[in-house]
Structure formats: C-alpha cells, structure tokens
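The next block holds one structure in the form of structure tokens; read it before the comments.
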Amino acid sequence: MEKEFDILTGAKRLDEVRFSKIRTVMDMVADLRAKGEKVLALSAGEPDFDTPAPIKEAVIKALEENYTHYGSNRGYPALRKLLSEKLEKETGVSYDPETEIIFTTGGAEALNNAFMAVVDPGDEVIVFSPAFITYENLVHMCGAKLVKVPLKKENNYQIDMDDLKAAVTDKTKLLVMNNPNNPTGAVYSKECLEQVCELAKEKNFLILSDEMYSRLVYGDGKFYSIASFPDMKERTIIINGFSKTYAMTGWRVGYVAAPAKLLPSILKVHQYCSTCCPTFIHVGLANALDLPETEEAVCKMVDAFAKRREVLIEGLDQIPGITYVKPEGAFYAMVDVSSFGVDGDTFAAKLLKEKHVAVIPGSGLGENCKDAVRISFAASEDTIRKATARMKEFIQEKAYES
C-alpha cells in the first residue's frame, strides 16, 4: 500500500520546536575539549560544586541496602513528607504530601507533565521573553498558542504590567513565570507579584511558577513564592528540584507541587513518562536532606555564588562597550553587545573560536535579546576572571569583525 506521506517525517506538532542553543554550545565546548583544547565555559547553567557529601553517602547506603525496585509513582513517601515540611518552612505554603506533591525525573519532566496536564490545543499560554527555552517549545508540543511578553533591560527585566495585561485574553489558560529568572537574574518584587496575582484572579488563569533558583538570591533580593499570596495556591503549579541548589544536575530529581484537584492529571502524564523516580536516590535524600551538614554545604555554595557574581561584575565593568543589569538571583547575567555592530550569535561564535570562551547567544532565549549573550557565573572565580579578561582582549582586538 502506497502512502501519501513520508513515514520518517516527524510529527507536525514538532514543526515549531527548536533545538536548544544552550545544548548546542555545550556540545561545541565538549567537542573542543575532546580535541585537547582548553575552554573557559561561562555557558552552562550548572553548579561546578560536588553534591553535598551527606547526600552521596546516604544514597550509596540506600543502594547497598538494595532500594533498587519500583517506588511510588508520586515519590518515596518519607521524602514527600520531608519536602512538604521544607516548603512550608521556606515559603509559608502547606502542601499535603499525599495529594499535592509528585516527584519527577528532573525539573524538565516536571515542566513537561504540568504542561501536558493542563494545556489543550487552542489555549493561549503567556511566556515572558527572554526565558528558558523549554517553555515555548512545550507550548508548541501541546498545540497551544504562544503569547510572548517582553522583559525589558531598561526596566531591569521586571514585569511590565501594562504589557502583561495587554497579552491576556479570554483564551489565556496559563502564565509561565520563572523566579528567580533564567536568563536575566531578575528576582520579582513583592509588589510586582501582588499585581500578577490580582490579574490572575481577575482574568481566571493558572500560573506555572518555575522556582528552581529559589535559594539562589543575593544582596537585597528577596524571593517570594507566588503560591504564598492570598488565594493563589489553588491556581498555581510550582516546579522545582534539586539540580541547582544541591548541585545535583545529573541526578535528575525534580518535583511538582500543585492543588489536589489538579494533581491526578499531572500524575497521569508522569505515569506514562517515567513511572517513578530512582528509589535509592529518594531514600538517600529522605535520610540526608535535613541534616545540618547538608544545609551547611548549600549555604557555602550560595555564598560562593554571591562572590562569583561580584567577580563577574568586576570583570564586566572593565570591558568598554557592553551593558548589563546586575543579577539579583540565579547565576546568570544578560550582557548587551549591540554597540559592536554584531548580534549575539556572531559575538558568541567568534568569542568561542578566537578566545575559547563559551557564552550563550541571547537569540536562543528570546528574539528581543538577539543582541545579547547570557553569561553564567556558575564557574570558579579563576575561570570567571580569565574569561572576562579574554572577552576584553577580544573586544579590544575587534576580533568580532574577523
């Protein structure tokens, strides 16, 4: 039987889905290093610290005790209980560990599950720009309409409520927020979040709040979970995990905290994506997460990131022609390179080629940042100093024109 289509053509819902430029740059760095080249990478959103020793030791013990079989779809019960207590302590929001928390295989799966559970074809989903690229691609995978709202450098990448209000229609189903923000480093103020909450209640839409960087806040910045505001828990899906705070990117431990009425829909998606998370990891975390030694390790990492932020700012301030907004959270800064007459893609590609310094082109995070690059300070102080010095040389030599 002859068919009128190519059976090897991907599904149409993927037509607008883009490959991540973050992963592309990371692959380029890996290729150069495989050839023996030394690359200063300010590209990856990954702590360079080791996972805290108490967690590693507890997980190894759980493995040796043969916690290697299927676990609960929702996650190991003791870990869910511990997380519930932790969330209430840190955000003031109480989540029932039996009916309002699901553990996932990393934050990426948590995002996927939440989108698939609530977004239908034809729904409108608002995503700020620039943003973590996963959000807009999940909108496309769901067959929904992507509505972008710009975050402007001149507004310190805070939310412009006039722009947000103009984007909301009677078809708006979901607003996606990331606080603290990747890639801008912005931490949304209490006043800003209050206004977003009032709009969500007035126009009746859900909020997905990606709070993966909630512990990584510096200086005078203060993190507020949007679910903690009056009447917001019942219209908010919280996404978080252990990758950034506990330096566990390769362990793939994420979670969703959401209203009990919504959780069964998210659980359906989770069951058919990954069934359950690695049991020995959950058992180990349940035994080590609240140890004083674990919290001490986290505090040391946060302090180190704060120092690295200052080292990056010192380095950037020595480079003529670039502008940026000092980040308050996460571990990124968006750096505007438009004064050099090239876009971020060209700047990043030539910087990697000429000086072996890796950064992420802003176009991979939002069209309104095509003249910028994202720089990560999740690297050692020495790496940051050397990389910014090479950037200065690169600009002084006008190597971006070659």
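The values are calculated or read from the model by the stated rules, or taken from the named source; none is laboratory data. Since this is a predicted model, take the numbers as computed values, not measurements. So basically every Cβ, Gly included, is an ideal-geometry build from the backbone, and we count neighbours across all protein chains shown.
Observations on the model:
- Remark: pairs (first residue in the range 146-173, at positive phi and in the same structural domain as V17 (by the TED database); second residue at pLDDT 95 or above and crowded, with 18+ Cβ neighbours inside 10 Å; Cβ separation under 7 Å; 6+ apart in sequence or on different chains) are absent.
- Close Cβ contacts (under 8 Å, 6 or more residues apart or on different chains) running from residues in the range 264-278 that are closer than 12 Å to A117 by Cα to residues that are of a type in the set (G, A, S) and outside any helix (DSSP H, G or I) comprise I266/A258.
- Residue within the range 336-344 that is surrounded by fewer than 22 Cβ atoms within 10 Å (Cβ to Cβ), among the aromatic types (F, W, Y) and within 24 Å of the chain's Cα centre (by Cα) present: no
- Residue check, L263 buried (at least 17 other Cβ atoms within 10 Å of the Cβ), at pLDDT 95 or above and farther than 16 Å from F103 by Cβ: no
- Selection status of V217, in contact with a His (Cβ under 9 Å, 6 or more places away or on another chain), touching a residue at least 12 places away in the same chain (Cβ under 8 Å) and crowded, with 19+ Cβ neighbours inside 10 Å: no
- Members of the range 29-48 that are in contact (Cβ under 8 Å) with a residue 24 or more places away in the chain, surrounded by fewer than 17 Cβ atoms within 10 Å (Cβ to Cβ) and within 24 Å of the chain's Cα centre (by Cα): D48
- Residue match in the range 61-78 (condition: crowded, with 19+ Cβ neighbours inside 10 Å, in a strand (DSSP E or B) and either not assigned by the TED database to the domain that holds D170 or not aromatic (F, W, Y) (or both)): no
- Considered as a group, the residues in the range 115-132 that are in contact with a helix residue (DSSP H, G or I) (Cβ under 6 Å, 6 or more places away or on another chain) and not in a strand (DSSP E or B) include one that is nearest to K244 (Cα to Cα), and that residue is P130.
- Selection status of A44, modelled with pLDDT under 95, closer than 22 Å to A247 by Cβ, of a type in the set (G, A, S) and in a loop (DSSP other than H, G, I, E, B): yes
- I22 being out of contact with any Lys or Arg (no Cβ under 7 Å at 6 or more places or on another chain) and free of Cβ contacts under 8 Å to residues at least 24 places away in the same chain: no
- Verdict on A333 being under 24 Å from the mean Cα position of the chain (by Cα), not charged (D, E, K, R) and not in a strand (DSSP E or B): no
- Residues of the range 7-26 satisfying the condition of being in a helix (DSSP H, G or I) and either touching a His at 6+ places or on another chain (Cβ under 6 Å) or surrounded by 12 or more Cβ atoms within 10 Å (Cβ to Cβ) (or both): R13, L14, K21, I22, R23, T24, V25, M26
- Residue match in the range 243-261 (condition: out of contact with any helix residue (DSSP H, G or I) (no Cβ under 9 Å at 6 or more places or on another chain), more than 20 Å from S94 (Cα to Cα) and of a type in the set (V, I, T)): no
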